[in-house]
Ligand SMILES: [Fe+2]
Ligand SMILES: [Fe+2]
């Protein structure tokens, strides 16, 4: 984490709600009595979190990605507003902020000689990245243990993260109910994958979701292409090539993933979901408009109006 990153974060927050204090000074010598002892139910023993950390500890390797997931936080209550009363050692701080029902949280810890990001989900720490100038970067359990022994001053930012990447809205409509439903499902699977990664789900669970995403995407592309053939959509060829390009890219990734050469990271999921979003909003939208202009009977007239209004609101063409 660089000071620039923190400045950006500060700027981002102030533009949304300047009244909320989100950065606190934490001194290690001032552990308030009421913070000791920490209730057992709220403290995951480190042996419990270990398995979760090892698998996806490199999730937080990319500052721009961290910024991205922060920006995905819901604007109202995502940043903790009760932090100003919180003081203690890092381990107390982390543990005392975790509650079983909590969704994904990102803690950014900035000290004189360390910078750390901790991703938590409920009471589970799912990823840790620690950077110590002169000592380098460590991840996972090593990083957590080092943090646990830290005794210097730190500043902490806590962000509550969204439980989804983005949601399907009327602006995604292509005016054809069957295709819209397929897109909704695709977005749902992408969101499931996102939450599986943040929550540090077992690889087996992530694999199942990933495989269903790959299969469903192929099925969906075939469905669209059948419609193009049936009604003579003139830009079918270039559209088909976009589908093929995506399938090829995903297949390349899957090959490396299955060979254990690559992990499914948030960067990769970000790429997949952004491709899907942009494709629906531009290329798929184009065939929707064409079908509408041609008066093809499968068009859902109600969605045309809803979609156009939503797109106008969002400044989309
Ligand atoms: Fe599509
Ligand atoms: Fe498409």
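The values are calculated or read from the model by the stated rules, or taken from the named source; none is laboratory data. As the structure is a prediction and not an experimental result, all values here were calculated from the model. When we count neighbours, we look across all protein chains shown, and the Cβ atoms used for this are built from the backbone with ideal geometry, even at glycine.
Please go through (1) buried (at least 19 other Cβ atoms within 10 Å of the Cβ); (2) at pLDDT 80 or above for residue 181 and return the number of the only condition it doesn't satisfy.
Just one mismatch for residue 181, condition (1).
With the checklist (1) within 16 Å of ligand 2 (Cβ to nearest atom); (2) more than 30 Å from residue 290 (Cα to Cα) in hand, flag the one item residue 211 doesn't pass.
Result: residue 211 fails condition (1) only.
What residue, of 199, 146, 236, is in contact with a strand residue (DSSP E or B) (Cβ under 9 Å, 6 or more places away or on another chain), outside the structural domain of residue 60 (by TED's automatic domain parsing) and either surrounded by 15 or more Cβ atoms within 10 Å (Cβ to Cβ) or closer than 23 Å to residue 269 by Cα (or both)? Spell out how you get there, then give the answer.
Values: 146 fails: outside the structural domain of residue 60 (by TED's automatic domain parsing); 236 fails: in contact with a strand residue (DSSP E or B) (Cβ under 9 Å, 6 or more places away or on another chain).
Going through 199, 146, 236 in turn, the sole match is 199.
Here is a list: 279, 270. Which entry is assigned by TED's automatic domain parsing to the domain that holds residue 215, farther than 27 Å from residue 128 by Cα and in a helix (DSSP H, G or I)? Steps first, please.
Values: 270 fails: farther than 27 Å from residue 128 by Cα.
Selected residue: 279, the only one of 279, 270 that is assigned by TED's automatic domain parsing to the domain that holds residue 215, farther than 27 Å from residue 128 by Cα and in a helix (DSSP H, G or I).
Can you tell me which residue within the range 275-306, out of those that are surrounded by 14 or more Cβ atoms within 10 Å (Cβ to Cβ) and closer than 28 Å to residue 60 by Cα, is nearest to ligand 1 (Cβ to nearest atom)?
That would be 279.
With away from ligand 1 (no atom under 16 Å from the Cβ) and modelled with pLDDT of 95 or more as the only criterion, which of 200, 136, 232 stands out? Talk me through it step by step, then tell me what you get.
Values: 200 fails: modelled with pLDDT of 95 or more; 136 fails: modelled with pLDDT of 95 or more.
It is 232.
Within the group 249, 226, which residue is within 28 Å of the chain's Cα centre (by Cα) and within 16 Å of ligand 1 (Cβ to nearest atom)?
Working: 226 fails: within 28 Å of the chain's Cα centre (by Cα).
When all the criteria are applied, what remains is 249.
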